Amino acid sequence: MIIGAGILAVWRPWATPPELLVSTNTDLTPAQQAAAAAGQILSPRLPRAPASDRALLMVLPFRDSSPQADQGYVAEGLTDDLITALGRTTGLGLIGRHTSFTFQGRAVHAQAIGQELNVRYLLEASVERDAGQLKLHVQLIDTSQGNAIWSDRIERPVSDVLIVLDDLTDRVVTSIAPKLRRREAPRASPASAETLAALDLD
């Protein structure tokens, strides 16, 4: 009896379970809530912060700087592919492509966007495709200060487009959330003629 009383004093099954720290957009069944509460009681580790508390990143639509007037699709495609690649990073707070593309062609102010969408980081770039080369000017901006964390110019053959996307993804994640990991995927290599044709970049 004494042992049983001691167990009840520690366990207290009648006590009010702790408030669950879960993402505000997650609906849990009663069974899942009970399991989560048990996990919080038994585990010494703190739960991951809700998604709403994590710093958000938005990729602004890349601007087309190509000499030819019909190359805008290249900038759009790179933007879309980069958002997809960043979305493979587990735990990264990322604004979706639909919201990002509402800013296409608009004059933007980093701090204003930060306040409007509660976004901490913006990635913006201009893209030029000319004579088989891709030229990008990219910068990652901290909207809380309105200044660039880094800015870089990239010039690579068009066939290296997938490598450029891979490198940009890694650099962005390393800059804002170095402890996060991308889901396992093979590293990109120069694109084949078939891939370039599929991307309309041949």
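The values are calculated or read from the model by the stated rules, or taken from the named source; none is laboratory data. On a predicted model such as this, the values are computed, not experimentally measured, just so you know. In this analysis, Cβ positions are derived from the backbone assuming ideal geometry, glycine residues included, and neighbour counts consider all displayed protein chains.
When the stretch 76-98 is limited to residues that are of a type in the set (S, T, N, Q) and in contact with a strand residue (DSSP E or B) (Cβ under 7 Å, 6 or more places away or on another chain), the one that is surrounded by the fewest Cβ atoms within 10 Å (Cβ to Cβ) turns out to be Thr89.
Applying the condition of being closer than 18 Å to Pro61 by Cβ and buried (at least 17 other Cβ atoms within 10 Å of the Cβ) to the stretch 142-166 and asking which residue is modelled with the lowest pLDDT yields Val161.
Do we find that Asp130 is surrounded by 11 or more Cβ atoms within 10 Å (Cβ to Cβ), modelled with pLDDT under 95 and under 16 Å from the mean Cα position of the chain (by Cα) in this structure?
no
Note on the stretch 60-75: residues that are surrounded by 17 or more Cβ atoms within 10 Å (Cβ to Cβ) and either among the hydrophobic types (A, V, I, L, M, F, W, C) or in a helix (DSSP H, G or I) (or both) total 5.
Kindly indicate whether Gln139 is at pLDDT below 95, farther than 11 Å from Val59 by Cβ and not small (Gly, Ala, Ser). Answer is no for this residue.
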